[in-house]
Amino acid sequence: MFTTKIAIPDYPANLPELIRLEAEADPHGPVPAAVLVFETETSGWFQMGGESFEVRSTEIRSLIGDVVLVNRERGVGERLVRRRSEHNTLLITERCDQLCVMCSQPPKEYELNLFAHYREALAHAAPGAIIGISGGEPLLYKSELLKLIADTRQRRPDIAFHVLTNGQHLEEADIPLLASLLHDRLRFAVPLYADAPELHDKIVAKPGAFLRALEGIRVLMEAGVEVEIRTVLMRPNAASLPDIARFIAWTIPDIAHWAIMQMEYIGFARKNWETLFFDHSLDELPLRAALTITRQHGIETLFYNMPLCTLHTDLRSYAPPTISDWKRKFLDLCDGCKVRSDCAGFFAWQSRDKTFQNLGPLPGLDMDIRCVSS
């Protein structure tokens with residue numbers, strides 16, 4: 001798929017910008033429904049009120065139930081909530097107060113206030129949906145975001161939220177509100193790229209970031225919120241993975257889990273690829289050493305964005321399929337692989353010469369792939 005956008009040319013000016021695509025009339029909910037009335041191999045025609053419009057897609061039926069925000073000027077629709085997908089993420093902002101050397105989505109300085117649309121769209125998420133919250137840095141809009149989560153949890157307590165944040169905007173005063181949220185379906189993911197301020201702050205290009213992140217983690221844990229620590233694997237910090245493991249074990253052992261992640265070949269990471277990319281398929285000793293330490297301390301550790309064939313057999317069960325469906329692909333050499341359905345695969349924009357060296361289809365394996373719990 002490689003995108004959550006769809007082409008909607010010539011969208012009528014008198015129709016609302018937030019709509020639902022449905023197969024039959026459905027008057028329920030705050031988002032008005034447009035009904036599919038005709039389809040071809042390349043598009044579908046939807047009707048709302050006395051107006052009709054075209055949605056271009058070769059898989060029209062897969063869009064049924066989606067909540068779409070239409071940009072008339074550009075002739076596109078952003079699928080805010082995809083009813084049939086397990087990977088729905090709301091982009092709160094593209095602003096950020098860091099400039100991480102491997103950032104996959106470099107910051108942009110403009111306002112993106114879609115909270116009202118998000119509040120309406122979430123009413124139509126699938127039962128038990130997990131909604132990712134991302135940016136930029138979403139906690140630059142902390143009060144609006146926490147209100148969105150609180151309001152949604154009142155209306156749809158089945159929905160889970162997974163917030164990706166640098167954690168630096170959380171304060172002692174936030175603890176009561178955080179503590180009032182339903183915690184069984186709420187998790188914050190905070191990055192730590194080193195075990196000491198010097199390296200972490202250098203990677204994110206912000207002095208004081210490491211200590212502020214630790215303070216944010218403390219606030220979350222004191223409020224009873226689940227915390228996941230994320231560490232992007234790079235040449236600058238690969239040798240430090242065991243030290244990071246020890247730091248987590250002795251400083252914040254009660255986290256939900258630690259995710260060691262491979263880079264995404266886009267944004268700043270693409271620009272700095274030759275100096276940052278660490279190919280664990282050629283050297284997995286840092287992963288293995290870090291895992292040994294966290295296992296000794298009972299801390300769950302997972303490997304994100306790592307195809308199974310890049311890991312030796314005994315490490316593959318730690319690598320769940322983490323790349324979102326809309327930006328995941330498989331290479332030609334994956335044809336015939338017996339564990340493809342359990343594999344993270346590759347980012348859609350990653351070329352064969354900019355990825356791992358040791359790759360190849362695997363036979364069926366007797367292993368239990370760990371799930372990414374939420």
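The values are calculated or read from the model by the stated rules, or taken from the named source; none is laboratory data. Note that the structure is a prediction, hence the values are computed from the model and not measured. Methodologically, a virtual Cβ is constructed for each residue, glycine included, from the backbone with ideal geometry; neighbour enumeration extends over all protein chains shown. Surface accessibility is based on the protein's heavy atoms, side chains included, excluding ligands, DNA and RNA. Shrake-Rupley method; radii C 1.70, N 1.55, O 1.52, S 1.80 Å.
Of all the numbered requirements in (1) over 22 Å from residue 349 (Cα atoms); (2) in contact with a strand residue (DSSP E or B) (Cβ under 9 Å, 6 or more places away or on another chain), residue 261 misses one, and that requirement is (1).
Please enumerate the residues belonging to region 110-127 that are open to solvent by less than 20 Å² (accessible area, probe 1.4 Å) and touching a residue at least 40 places away in the same chain (Cβ under 8 Å). Correct list: 121, 122, 125. When we screen 165, 251, 231, 152 for residues that are over 25 Å from residue 115 (Cα atoms), in contact with a Phe, Trp or Tyr (Cβ under 8 Å, 6 or more places away or on another chain) and either surrounded by 20 or more Cβ atoms within 10 Å (Cβ to Cβ) or not hydrophobic (A, V, I, L, M, F, W, C) (or both), the only hit is 231.
Close Cβ contacts (under 8 Å, 6 or more residues apart or on different chains) running from residues in region 15-38 that are closer than 12 Å to residue 49 by Cα to residues that are of a type in the set (S, T, N, Q) and not in a loop (DSSP other than H, G, I, E, B) comprise 34/47; 35/47.
Here region 39-51 is the region considered, the condition is being assigned to a strand (DSSP E or B) and open to solvent by 60 Å² or more (accessible area, probe 1.4 Å), and the residue that is farthest from residue 14 (Cα to Cα) is 39.
Looking across region 61-86, the residues that are surrounded by fewer than 22 Cβ atoms within 10 Å (Cβ to Cβ), out of contact with any Ser or Thr (no Cβ under 7 Å at 6 or more places or on another chain), in contact (Cβ under 8 Å) with a residue 24 or more places away in the chain and part of a loop (DSSP other than H, G, I, E, B) come down to 64, 65, 72, 75, 83, 85, 86.
Residues of region 45-87 that are of a type in the set (Val, Ile, Thr) and under 13 Å from residue 21 (Cβ atoms): 55, 60, 64, 67, 68, 70, 81.
Matching residues to (1) in contact with a strand residue (DSSP E or B) (Cβ under 7 Å, 6 or more places away or on another chain); (2) at pLDDT 95 or above:
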| residue | (1), (2) |
| --- | --- |
| 163 | yes, yes |
| 186 | yes, no |
| 196 | no, yes |
| 202 | no, yes |
| 208 | no, yes |
| 228 | yes, yes |
| 238 | no, yes |
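Of the candidates 294, 275, 310, the single residue that is modelled with pLDDT of 95 or more, over 20 Å from residue 359 (Cα atoms) and either in contact with a strand residue (DSSP E or B) (Cβ under 6 Å, 6 or more places away or on another chain) or buried (at least 20 other Cβ atoms within 10 Å of the Cβ) (or both) is 294. Pairs linking a residue in region 287-309 that is free of Cβ contacts under 8 Å to residues at least 40 places away in the same chain and assigned to a helix (DSSP H, G or I) to a residue that is open to solvent by 40 Å² or more (accessible area, probe 1.4 Å) and among the aliphatic types (A, V, I, L, M), with Cβ atoms under 8 Å and 6 or more positions apart or on different chains, do not occur.
How about region 128-145: which of its residues are open to solvent by 20 Å² or more (accessible area, probe 1.4 Å) and either assigned to a loop (DSSP other than H, G, I, E, B) or more than 22 Å from residue 178 (Cβ to Cβ) (or both)?
128, 136
Checking each residue in region 17-29 for being surrounded by 12 or more Cβ atoms within 10 Å (Cβ to Cβ) and in a loop (DSSP other than H, G, I, E, B) picks out 17, 23, 26, 29. Filter region 176-219 down to the residues that are buried (at least 17 other Cβ atoms within 10 Å of the Cβ), touching a helix residue (DSSP H, G or I) at 6+ places or on another chain (Cβ under 6 Å) and not aliphatic (A, V, I, L, M) and list them by number. Residues satisfying the conditions are 188, 193, 195, 200, 201, 210.
Quick one: how many residues across region 252-267 are touching a residue at least 40 places away in the same chain (Cβ under 8 Å) and closer than 12 Å to residue 226 by Cβ? Counting residues in region 252-267 that are touching a residue at least 40 places away in the same chain (Cβ under 8 Å) and closer than 12 Å to residue 226 by Cβ gives 3. If the requirement is being outside any strand (DSSP E or B) and either open to solvent by 30 Å² or more (accessible area, probe 1.4 Å) or of a type in the set (A, V, I, L, M, F, W, C) (or both), which of these qualifies: 89, 58? 58 is the lone residue from the list that is outside any strand (DSSP E or B) and either open to solvent by 30 Å² or more (accessible area, probe 1.4 Å) or of a type in the set (A, V, I, L, M, F, W, C) (or both). Within region 330-346, the set of residues being touching a Leu at 6+ places or on another chain (Cβ under 9 Å) and open to solvent by 50 Å² or more (accessible area, probe 1.4 Å) comprises 333, 338, 340, 342.
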